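S.K.: Here you go, one structure.
None of the figures in this text is laboratory data; all of them are computed from the coordinates on show. Note that the coordinates shown come from a computational prediction; the quantities given were computed from them, not determined experimentally. Backbone-built Cβ (ideal geometry, glycine too); neighbour counts: all protein chains shown.
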Amino acid sequence: MIPLNWYLALSAIIFSIGLYGFISQKNGIRILMCVELMLNAANINLVAFSSYNDDMSGQVFALFSIALAACEAAIGFAIMMSVYRMRDSINLDELNLLRW
Amino acid sequence: MAYENLAFLIPLLPALAFVITFFVGKKTPYGGGLIPIFAIAASFLISLLITIGLLQNPDQVISQSYHWFAIFNLGILIDPLAAVMLTMVTFVSLLIHIYSVGYMSHDPAKPRYFAETSLFTASMLSLILSDNILQLFISWELVGLCSYLLIGFWYQKPSAASAAKKAFLTTRIGDVMFLAGIIVLFADLFKLVNGIIPEGVYLLRFDEIFSFIPEIAAMNATILGFEVSHLTIITLLFFGGAVGKSGQFPLHVWLPDAMEGPTTVSALIHAATMVTAGVYLVARTFPMFIAAPQSLIIVAYVGAFTALFAATMGIVMNDLKRVLAYSTISQLGYMMLGLGMGAVIGAEAVGVSIFHLVSHAFFKALLFLCAGSVIHAVGTHDMRELGGVAKVMPITAATMVAASLALAGFGIPGTSIGSTGFFSKDPIIENAYLFGEHAGNWFPYIFAIVAALLTSLYIFRLLFMTFAGKPRTNYGGHESPASMTVPLSILGILALVFGAIVVEPFNKFVNSTFVNNFVNMDIPALAEVGNYELVHHAGQEPLLILWMPVIVAVIGLLIAFVIYYQKAIDMSRFVSKDNSVYKLLYNRYYQNEIFTQLFAVKFVYEGLAMAGYHIDRFIDGIVNVISYLIIEAGDSFRKVQTGVIQHYSVAVITGVSLLVILIKLVMEVF
């Protein structure tokens with residue numbers, strides 16, 4: 001059986017990639033994708049702990065999390081669509097109307 | 001005795017009369033004059049009964065005290081001093097009210113007049129029978145308010161309105177000092193009882209205050225490097241209040257201007273109410289004054305100086321009422337001098353001074369009412385336009401002569417022949433002599449004797465210019481109605497014979513003020529506290545000294561006779577704008593100008609404007625700096641809020657990571 005640490009390491013790597021992308025990217029879609037990466041890294045953790053502890057609630061939780069991520073992605077991409085229609089760009093740095 | 005329980009009615013009846021007259025005065029007879037007259041007559045009767053009762057038994061003073069709030073009380077104290085004052089005030093006020101019915105008969109605002117005068121009387125009566133200093137102060141302020149209302153009675157006239165304001169503001173200076181004195185006194189008393197006040201003990205009652213005199217005198221404060229007793233500070237502050245109220249130098253400036261009101265009001269202010277309040281205050285707190293080093297001497301000096309200072313101005317005034325106003329200031333100076341002579345003769349000074357107060361009330365009320373009678377009939381109060389009034393108004397002229405004799409103090413020393421003023425003023429001058437002999441300081445005596453000469457001069461100048469000779473203008477005129485001449489006659493008789501009859505028992509009566517069932521003051525012991533050496537008044541001055549006041553009065557009369565009746569000396573050389581002495585006197589030593597220019601304009605007005613400008617700039621500056629800092633800080637700190645989501649997430653992640661590391665470290669340590 002694959003040890004738990006491997007799952008956790010995989011999860012941490014994916015989370016870090018997502019985090020790096022979230023911080024460094026300017027393209028809205030990339031940022032949303034990075035958010036998905038971080039969410040799924042967390043899901044791996046949930047499932048891994050669930051399976052190692054013989055407790056199904058972690059997997060149920062992961063299902064909820066996936067549903068939530070789907071909603072978030074749907075709304076996020078819809079916003080990106082309308083932003084693109086208005087500004088011809090989805091560069092988040094340019095969306096500074098409410099800034100000082 | 002039952003009437004003792006009626007004591008509270010003495011101030012209450014005139015106060016009720018004020019309420020009734022004020023609201024429904026128009027519907028009552030004589031424009032509201034009748035109700036105050038009856039109320040004050042009733043007060044007079046009660047006061048008289050109480051005084052007679054006290055005369056039989058001077059030790060049993062009436063003292064009633066009612067809880068008011070917290071540690072303060074309202075109370076009635078009628079000792080001999082208060083009793084004679086009550087009787088005098090109600091009596092003079094009654095006569096003035098009767099006289100006013102005639103004098104004010106043409107005035108449309110009669111109800112307001114009678115309402116205000118009865119309130120004036122009520123507050124003065126309440127002031128007199130206060131048994132604690134707080135109640136006295138409240139009445140004191142009420143008296144000030146009424147004087148303001150009455151001086152400005154004809155408020156349509158700008159001069160009357162400004163005179164009222166002047167009177168109010170000038171006396172206010174004194175009032176503030178009085179209040180400061182009360183506060184210092186209360187603070188000291190509170191300290192002396194260690195902040196523990198038993199139920200039913202009211203610290204500001206006179207008996208309580210007096211019982212702490214030695215302790216307060218022992219408390220010292222250092223002011224400008226001088227060791228000053230707290231008692232001296234308190235008494236001088238009280239005296240400051242008296243200076244304002246009783247028109248002593250330098251706060252006398254309001255009194256001559258107070259002539260803007262009706263003449264009856266002037267009579268009321270100068271004789272019965274208001275100005276006597278200051279003298280009464282000093283007399284009431286006399287045990288404090290005698291135990292305070294220097295205070296009585298200062299009272300004596302201020303009094304003596306005021307007596308002379310005002311008299312010099314009295315001799316050049318051309319306005320009938322103004323001469324009388326300066327005369328009042330001068331006579332008040334005598335009263336203060338009389339009280340100050342307590343430094344040498346002890347408590348007897350109170351009797352002497354209060355007797356002068358009462359006799360002055362009679363003849364000064366008479367003088368004013370005579371002047372009012374002349375003004376009422378003739379319509380002018382410039383003496384240069386009058387002359388020969390005696391032919392038109394014989395009763396007024398006769399009573400005026402009686403009052404003038406009393407003011408100048410004619411009489412024969414060593415006998416009981418003499419006008420009231422003789423019996424009241426001479427003892428003061430003699431005491432001043434005694435003071436000079438004893439303390440080696442002759443200023444009070446010299447001032448008093450010169451002032452007596454000038455007094456005689458200015459009053460006979462007034463008499464000759466107004467009543468003798470031929471009319472200088474065609475003024476017509478007629479004798480006044482009976483409601484005016486009857487009070488004049490009563491006061492005229494009193495001015496002539498009152499002194500001779502009552503002087504001995506009066507002094508004995510008032511001198512018993514400080515030894516009775518209410519307070520029991522050992523005046524000689526207190527004088528030792530205050531470093532005063534008392535001598536016994538033996539009445540054995542040289543004959544010349546006894547005659548001196550009368551001699552100077554006769555000299556004054558002769559000078560006035562020669563100059564103003566026979567016109568043997570041409571005065572036009574002196575009475576001109578070129579004569580600097582005349583100019584100085586006529587312009588009242590430029591004191592008004594100095595006060596206006598120096599204090600009002602330069603100091604208060606411009607000073608305040610300057611101060612206000614700088615304070616404004618200072619406070620504005622502070623506010624501006626604060627707001628500038630906040631705006632700048634906001635401008636720089638809001639840069640932190642970039643609006644870029646990545647920056648926030650970096651901050652969050654850094655924070656969370658640091659927190660995790662920190663928790664990990666902490667867990668390892670413990």
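S.K.: Once label points are set 7 Å from the Cα along Cα→Cβ at both A:ALA12 and B:GLN156, what is their separation, rounded to one decimal in nm?
M.R.: 10.3
S.K.: Quick one: Cα centre-to-centre distance for region B:263-310 and region B:611-670, in angstrom?
M.R.: Region B:263-310 and region B:611-670 have Cα centres spaced 68 Å from each other.
S.K.: Just tell me the longest site-free run in chain B, where the sites are trypsin sites (Lys or Arg not before Pro) in a DSSP loop having at most 11 other beta-carbon atoms within 10 Å.
M.R.: Longest run free of exposed loop sites: B:1-566.
S.K.: Go through region B:260-276 residue by residue and turn each phi into a ³J(HN,Hα) via Karplus (6.51, -1.76, 1.60, θ = phi - 60°); whole Hz please, and just put x for glycine and proline.
M.R.: 5, x, x, 4, 4, 5, 4, 4, 5, 5, 7, 9, 9, 10, 6, 5, 6
S.K.: Amide H neighbours of B:TRP68 under 5 Å, counting only residues 5+ apart in sequence or on other chains, H built in-plane at 1.01 Å?
M.R.: B:ASN73, B:LEU74
S.K.: Compute the relative contact order of region B:1-130 as a whole-number percentage, counting only Cα pairs closer than 8 Å that sit 6 or more residues apart in sequence.
M.R.: 39
S.K.: Which entries in the list B:LYS26/B:LYS165; B:LYS166/B:LYS191; B:LYS166/B:LYS425 go over 32 Å, if you measure between the two C-alpha atoms of each?
M.R.: B:LYS166/B:LYS191
S.K.: Can you pull a Stokes-Einstein diffusion coefficient for the protein assembly as shown at 10 °C (1.306 mPa s), Rh from Kirkwood over Cα pairs, as a whole number of µm²/s?
M.R.: After rounding, the answer is 51 µm²/s.
S.K.: Across bins of 5 angstrom width beginning at 0, how are the C-alpha pair distances of region B:213-272 distributed, in whole percent?
M.R.: So the P(r) values, bin by bin, are 4, 16, 17, 15, 12, 10, 8, 8, 7, 3.
S.K.: Which of the lysines could be linked to B:LYS470 by a straight reach, that is with a Cα gap under 29 Å, when you skip same-chain ones fewer than 8 residues away?
M.R.: The qualifying lysines are B:LYS321, B:LYS364, B:LYS391, B:LYS567, B:LYS577, B:LYS583.
S.K.: Only Cα pairs under 8 Å and at least 6 apart count here; give the relative contact order of chain B as a rounded whole percent.
M.R.: Across chain B, relative contact order equals 13 percent.
S.K.: Hey, another quick one. Please report the spacing between the Cα centers of region B:206-245 and region B:63-133 in Å, no decimals.
M.R.: So the separation of the two Cα centres works out to 28 Å.
S.K.: Below 19 Å, Cα to Cα, which aspartates and glutamates can B:LYS639 reach? Residues fewer than 8 away in the same chain don't count.
M.R.: A:ASP93, A:GLU94
S.K.: Read phi for every residue in region B:628-643 and hand back ³J(HN,Hα) as whole Hz from Karplus 6.51 cos²θ - 1.76 cosθ + 1.60, θ = phi - 60°, with x for Gly and Pro.
M.R.: Taking θ as phi minus 60°, the curve returns 4, 4, 5, 5, 4, 4, x, 4, 7, 6, 6, 4, 4, 7, 6, x Hz for region B:628-643.
S.K.: So if the hydrodynamic radius of chain B is defined as the Kirkwood radius over C-alpha pairs, what does Stokes-Einstein give as its diffusion coefficient at 25 °C and 0.890 mPa s, in µm² per second?
M.R.: D = 91 µm²/s.
S.K.: Let me ask you something else. Quantify how much of the Cα-Cα distance distribution of region B:593-669 extends past 14 Å, in percent.
M.R.: For region B:593-669, the fraction of Cα-Cα distances above 14 Å is 79 percent.
S.K.: Report relative contact order for region A:37-91 in percent, whole number only (criteria: Cα-Cα under 8 Å, sequence separation at least 6).
M.R.: Averaging sequence separation for qualifying contacts and normalising by length gives 25 percent for region A:37-91.
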